[in-house]
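First up is the structure itself, then whatever we jot down about it.
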Amino acid sequence: MNTDHLVIGAGIAGLSHALYLADLDPQARILLVSKVSINESNTQYAQGGIAAVMSPEDNLASHVADTLRAGDYATTEEVVRGILKCGPEIVEDLTRWGVRFDRNDQGQYHLVREGGHSHPRILHYKDYTGKHLQETLAQEAMRHPQIELMDHWMLVDLWLDEEKTTCLGGDFLALSTQEFIRVSAQTTALCTGGVGALFPKSSNPKIATGDGIAIARKNGVRTELLSYVQFHPTVYSAPDLPPFLISEALRGHGALLRDINGHRFMPEIDDRAELAPRDVVSRGILAQMNRTEASHVWLDATGFDPSDWDTYFPSIYAQCLRYGIDPSQAWIPVAPMAHYLCGGIDVDVYGRTSLDRLYALGECSHTGLHGANRLASNSLTEAVAVAKQAAQHALTLPKNTAEEAPAPQRKLLQADLSGWKAHVLTLQQELMEVGGVVKSQPGLEALEKKLTQAIAEFNSAYPEGYTNESHASLSNILSLIHAMVLESIAETRNQGVFYKSAL
Ligand SMILES: Cc1cc2nc3c(=O)[nH]c(=O)nc-3n(C[C@H](O)[C@H](O)[C@H](O)COP(=O)(O)OP(=O)(O)OC[C@H]3O[C@@H](n4cnc5c(N)ncnc54)[C@H](O)[C@@H]3O)c2cc1C
């Protein structure tokens with residue numbers, strides 16, 4: 001199968017990249033692929049919004065300074081400026097594609113200020129900006145004549161030239177027919193999202209297993225800061241209920257953190273109390289959970305004006321009610337969970353990876369914008385800004401002599417992998433304990449040995465060239481966890497989201 005531009009992943013990065021390519025070149029054919037149904041992605045769950053300098057009181061220098069500070073200065077101003085300067089124009093592009101952001105009574109954007117930002121600069125759509133973005137852009141892509149969408153197609157490998165320097169496309173497993181399909185393309189963009197689901201406790205959907213990153217690494221593509229996973233301090237935590245994020249906007253609005261016995265603890269840990277940076281709050285909560293031997297702490301938002309729930313937090317309120325808690329009357333059980341990968345496939349501000357004609361966009365990529373810690377609401381901005389710059393760049397490339405893709409040589413593996421799934425889950429649980437909010441060097445070293453052994457056994461258990469959905473997924477998970485653990489062992493500094501005890 002042949003296309004001009006292959007876009008793998010249909011969250012905000014993939015959708016906006018596909019739309020930009022189509023806008024910029026009315027002849028281009030674009031194939032947009034998603035592992036699951038089109039609306040399941042991290043994007044779908046974003047609550048807060050998208051950061052951009054949109055008011056006369058605000059300016060780019062301030063947004064850049066806030067981003068550098070949040071990232072512990074572990075990046076360069078050039079990269080940060082190169083991405084954030086696109087804020088206002090991408091808001092315009094999103095609006096052109098049908099996205100609506102909340103406005104105030106005077107018709108101006110209703111800009112919110114989030115932790116770490118010196119000005120109100122978060123555009124939002126109530127408290128479900130991500131759902132609105134995902135659905136609006138997906139609709140726009142689905143009705144676009146130049147964009148063909150294939151859902152339930154799983155990327156299993158990249159297709160490279162013989163010298164292994166240029167990406168020619170990708171190999172997919174069509175999950176409904178169990179067929180392998182090779183797609184050749186002028187450019188390929190990995191937009192496959194983050195890694196939260198590698199941790200058993202996460203705000204991300206289950207599909208966020210870092211497939212694109214694992215596959216890029218397997219093909220020698222450079223990655224950076226894979227052990228820099230941001231944990232969100234307040235994710236709804238109750239046995240047998242899927243976690244969901246309780247936005248820090250609630251703490252911004254006055255909600256308090258209390259230990260299991262009702263004691264408010266954050267003022268003793270940091271002067272900024274509940275509004276300290278995410279990593280400080282996460283470590284504070286974890287310390288209380290360990291001290292009280294509890295699996296959560298409480299978020300107390302009972303002091304809100306009753307009308308605030310409907311005005312500012314309707315979807316959080318509705319979800320809490322579905323879970324049997326009325327947050328205007330009762331405290332919400334929360335715990336820190338894996339949330340956002342600050343690192344990923346190393347790219348420049350045009351999304352270019354170390355492999356020719358391969359781009360990486362959105363959460364699977366590492367542009368350097370976030371440094372060692374992401375400033376809230378900068379990730380949606382980054383995804384769209386770099387998707388645009390990548391589309392502009394992709395269209396300047398000289399045409400690669402079109403090669404009709406041969407069928408991939410892969411065969412379907414017939415095997416029951418449930419035993420392996422259970423084993424890998426125990427390794428993931430161990431990752432949460434020794435490589436989570438607070439990392440432990442001896443724990444990481446012990447886990448590394450187990451991973452080396454598991455990978456050797458897994459690889460020798462199945463014949464070369466055979467795979468299926470579970471096999472491909474487990475192989476990605478094992479290799480990526482291993483890379484994260486090795487990197488964590490080697491890291492000698494605590495900065496941003498990375499914290500190892502007894503350094
Ligand atoms: C609960 C929550 C709240 C958040 N709130 C905010 C916020 O307020 N502001 C902000 O800026 N950021 C927020 N974030 C982060 C932000 O939502 C994500 O970083 C961003 O949406 C990632 O977009 P993406 O397009 O890179 O990946 P995703 O949206 O995760 O999309 C990934 C796509 O890749 C596809 N895919 C994955 N593997 C394969 C494969 N093997 N083959 C084919 N396709 C594949 C998936 O099917 C999916 O279509 C939040 C994240 C979460 C989880």
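The values are calculated or read from the model by the stated rules, or taken from the named source; none is laboratory data. Since the model is a prediction, treat every value here as computed from it, not as a measurement. Backbone-built Cβ (ideal geometry, glycine too); neighbour counts: all protein chains shown. Remember, those area values only see protein heavy atoms, side chains included, never the ligands or the DNA or RNA. Shrake-Rupley method; radii C 1.70, N 1.55, O 1.52, S 1.80 Å.
Quick one: of the DSSP bridges fully inside the chain, what percent are antiparallel, nearest 5? DSSP beta bridges in the chain are roughly 60 percent antiparallel. Positive contributions from Lys and Arg (+1) and negative ones from Asp and Glu (-1), summed over other residues with Cβ under 9 Å from the Cβ of I122, come out at +1.
Let me check I've understood the local charge: for V80, count other residues with C-beta under 14 angstrom from its C-beta, Lys and Arg +1, Asp and Glu -1. What total comes out?
Value of the local net charge: -2.
Per-residue ellipticity at 222 nm from helix content only, as computed over the chain with -39500 (n - 2.57) for each DSSP H run of at least four residues, stands at -11000 deg cm²/dmol.
What the Cβ-Cβ distance of S176 and D416 gives, at R0 = 35 Å and to the nearest 0.05, is a FRET efficiency of 0.95.
A Förster radius of 51 Å combined with the Cβ-Cβ distance from E224 to D310 puts the calculated FRET efficiency at roughly 0.75. Cross-link pairs exceeding 32 Å in C-alpha to C-alpha distance, out of K164/K449; K131/K201; K411/K500; K218/K388; K126/K421; K131/K449, comprise K411/K500; K126/K421; K131/K449.
Ranked from the most accessible area to the least, with a 1.4 Å probe and all protein chains present, what is the order of K449, K439, K388, K421?
Sorted descending by solvent-accessible area, the residues read K449, K421, K388, K439.
All other residues whose Cβ lies under 12 angstrom from that of N204 are scored, Lys and Arg at +1 and Asp and Glu at -1, for a net of 0. Our summary of shape: the Cα atoms of the range 358-503 have principal axis extents of 51, 45, 23 Å, ordered from largest down, in whole angstrom.
The Cα atoms of the range 411-490 define a convex hull whose projected area, averaged across directions, is 5.1 nm². In the complete set of protein chains, residue-level accessible area for E491 is approximately 30 Å², probe 1.4 angstrom. Remark: the chain carries 41 Å² of accessible area per residue (probe radius 1.4 Å; ligands, DNA and RNA excluded). When M1, M289 are compared by accessible area at a 1.4 angstrom probe, the order from most to least is M1, M289.
Three semi-axes describe the equivalent ellipsoid of the chain; taken as square roots of 5 times the Cα gyration tensor eigenvalues and ordered largest first, they are 35, 28, 21 Å.
Counting only protein heavy atoms and using a 1.4 Å probe, what share of the accessible area of the range 233-337 belongs to carbon plus sulfur, as a whole percent?
Carbon and sulfur atoms account for 51 percent of the accessible area of the range 233-337.
For the chain, the relative contact order works out to 21 percent when only alpha carbon pairs closer than 8 Å and six or more residues apart are counted. Around the Cα centre of the range 411-492, unit charges on the Cβ atoms of Lys, Arg, Asp and Glu (plus for the first two, minus for the last two) sum to a dipole of about 100 debye. Along the axis of the charge dipole computed for the chain (Cβ charges of +1 for Lys and Arg, -1 for Asp and Glu, origin at the Cα centre), the listed residues A483, S315, L250 are led at the positive end by A483. According to the Kirkwood relation over distinct C-alpha pairs, the hydrodynamic radius of the range 233-337 is 13.7 Å.
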